[in-house]
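The values are calculated or read from the model by the stated rules, or taken from the named source; none is laboratory data. Worth saying up front: this structure is predicted, and the values here are computed from it rather than measured. Glycine also receives a Cβ, built like all others from the backbone with ideal geometry; neighbour counts cover every protein chain displayed. Note: areas computed on protein heavy atoms with side chains; ligands, DNA, RNA excluded. Shrake-Rupley method; radii C 1.70, N 1.55, O 1.52, S 1.80 Å.
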Amino acid sequence: SIYDLVIKNGFVCTASDFYPADIGICEGKITTIAGSIDSELSKEVIDAEGGVITPGGVDAHVHVEEPVKLMGDVIDTMSTVTRSAVAGGTTTVIAFASQDANLKGPKALSDSVGKTIESYEKETLYCDYGLHLILVKLEQETLNACGALDEQLCNLYKDQGVSSVKIFMTYPGLQMSDYSILNTMYATRKNGITTMVHAENGDIVKWMTDSLENQGLIEPYYHGVSRPTIVEGEATNRAIALSTMMNTPVLFVHVSSPEAVEAIRKAQTKGIKVFAETCPQYVVLSHEDTKCHHGDTDRFEGAKNICSPPLREDQVKECLWRAMDNGTFTIVSSDHCAYLYSSEHRGKHNAFDQGKGGKFRYIPNGMPGVCTRMPLGFDHGYLNKNISSLMKFVELHCTNPAKLYGCYPQKGALLPGSSDADILIWYPNKDERGRTKINNEMLHHSCDYTPYEGLEVKNWPRYTLVRGKIVFKEGRLISGHASGQYIKRKAISDPTDKWVNEWRPAYNLSK
Ligand code: URP
Ligand code: ZN
Ligand code: ZN
Ligand code: ZN
């Protein structure tokens, strides 16, 4: 037969089109999309029963356990994070590798990532993955740091196909000064690497935290009070200024503040290469969810929903939905970053460890979400009319992340001859089988809770295919088909030679 698998009777939905068609798959690739494909030509046939067919989700922001800790022990491994991903319709994740401080020299970053990939090769992976690099504080605040970083990034891209790095404007130990950010952007621009920015003003956060603690306001809820939307707005404006100086593309991760959205929109209108990401938690949950619930039996439970930037007031959601629909946001990612909550582990919980008394300052930031991102986008986004078309949902959750991070059209698309057969078949809309009440067990991550426990969504992926193999079907994982691989990514940036004044970099970019 010509095909290993044919999917019949579905509505194909991409970032640009929506139409009834059959899909033919051969050796893990999409080879044909046609009005009708004869079942006889295929070894296997799936009947989509009139359901929507989309590319598999691309989640460009997930955290897995790594040697370098952000704020405690992230509980998911690459194996469990990819397992959870496919159970919710995501077929590519891009996680973070951080730099191994013991390695020095031009290959320091490349070797850090190489070792990380080697360790993941031993695990069972349910889908493909890529890696961003987290840049920790640069050693020197001198121009010398530029040259060294330039060489390291060049090797990182050449050896490992890493085309994006993340920097932080907050968090003790990670917060970069403006000087170091300029150094970083000088080197990323030269290598065509996209700079991902965690934009919060770390000094304001520290001052507010000290001040709240001083007044005894230490409960999880005050984490949000310590970082109002202006904290994100200020840092976003500043990072836009720095990226304009260096004329290099930036992507703002986990944007949740109207001030930040406004700054990003304005910069985009001026033609500055500014991209932005938001996450489902910022449009589904709110600051109220960091108060204790369950009748005040557990005054710490709000800790489950602590993340940075924090969950916002309800009225912010409308602004974020609009920015998704009007293109200000380029992508929607989960920022999956899971820590155990339950009391058996509470001794190990950072906020209670070593007599820290449950202060919000020590609560690890982040929550799980890799499994729920696609269904929440489909339901709260598209079906609830916050995202105006299903094509826009696909663009934000599948296609744009692949384009932005250099793995399109292998990922995030359904292009015959080019795309991997990473495919979702959804239940036909209004089909009761798709109606799903979220509970933690069905998410298949290692975390002991989900912020969405009990929440009902109207659809859930019925089939998840990775490279043409069914890895998830009607609520069940098919582990025997797990064969995820590392994917090298391409640099996508193409900066112009426009500068703010007569200053020029010491290098020329040969196009
Ligand atoms: O609170 C968050 N977002 N935790 C994950 C780490 C990060 O800053 O992305
Ligand atoms: Zn961050
Ligand atoms: Zn409570
Ligand atoms: Zn993150």
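Side notes on the structure shown:
- On inspection, TYR179 does not qualify as touching a helix residue (DSSP H, G or I) at 6+ places or on another chain (Cβ under 7 Å), away from ligand 3 (no atom under 16 Å from the Cβ) and open to solvent by 10 Å² or more (accessible area, probe 1.4 Å).
- Of the strands (runs of 3 or more DSSP E) lying entirely inside region 11-121, those containing at least 3 residues that are at negative phi and open to solvent by 50 Å² or more (accessible area, probe 1.4 Å) are 18-26, 42-47.
- Look at region 225-243: where a residue is more than 22 Å from GLY302 (Cα to Cα) and a partner is crowded, with 20+ Cβ neighbours inside 10 Å and acidic (Asp, Glu), sitting 6+ places away or on another chain with Cβ atoms under 8 Å, you get ALA235/GLU200.
- Identity of the residue in region 138-173, outside any helix (DSSP H, G or I), open to solvent by less than 10 Å² (accessible area, probe 1.4 Å) and not hydroxyl-bearing (Ser, Thr, Tyr), that ends up farthest from ligand 4 (Cβ to nearest atom): GLY161
- Residue that is within 29 Å of HIS287 (Cβ to Cβ) and out of contact with any Pro (no Cβ under 8 Å at 6 or more places or on another chain), where the choices are ASN459, ASN439: ASN439
- Any hit, region 329-344, residues being touching a helix residue (DSSP H, G or I) at 6+ places or on another chain (Cβ under 7 Å), more than 25 Å from VAL471 (Cβ to Cβ), open to solvent by 10 Å² or more (accessible area, probe 1.4 Å) and not β-branched (Val, Ile, Thr): yes
- Residue in region 217-231 that is open to solvent by 10 Å² or more (accessible area, probe 1.4 Å), part of a helix (DSSP H, G or I) and among the hydrophobic types (A, V, I, L, M, F, W, C) present: yes
- Out of PHE393, PHE352, sole residue that is among the aromatic types (Phe, Trp, Tyr) and over 15 Å from GLU301 (Cα atoms): PHE393
- GLU259 being within 16 Å of ligand 4 (Cβ to nearest atom), charged (D, E, K, R) and within 23 Å of PHE168 (Cβ to Cβ): no
- The number of residues in region 277-306 that are assigned to a loop (DSSP other than H, G, I, E, B) and either within 13 Å of ligand 4 (Cβ to nearest atom) or at pLDDT 95 or above (or both) comes to 4.
- Near pairs, Cβ below 8 angstrom, 6+ apart or cross-chain, from region 118-131 (free of Cβ contacts under 8 Å to residues at least 60 places away in the same chain) to any residue that is buried (at least 24 other Cβ atoms within 10 Å of the Cβ): GLU123/MET78
- Some residue of region 281-302 being within 21 Å of VAL165 (Cα to Cα), away from ligand 3 (no atom under 16 Å from the Cβ) and in contact (Cβ under 8 Å) with a residue 60 or more places away in the chain: no
- Region 307-328: number of residues that are more than 16 Å from ligand 2 (Cβ to nearest atom), open to solvent by 10 Å² or more (accessible area, probe 1.4 Å) and part of a loop (DSSP other than H, G, I, E, B): 5
- Among the criteria (1) over 19 Å from the mean Cα position of the chain (by Cα); (2) modelled with pLDDT of 95 or more, the one THR77 does not fulfil is (1).
- Residues of region 279-303 satisfying the condition of being buried (at least 16 other Cβ atoms within 10 Å of the Cβ) and more than 16 Å from ligand 2 (Cβ to nearest atom): VAL283, VAL284, LEU285, SER286, HIS287, ASP289, THR290, CYS292, PHE300, GLU301, GLY302, ALA303
- Of all residues making up region 254-278, the number that are over 16 Å from ARG227 (Cα atoms) and either without any contact (Cβ under 8 Å) to a residue 60 or more places away in the chain or within 13 Å of ligand 2 (Cβ to nearest atom) (or both): 12
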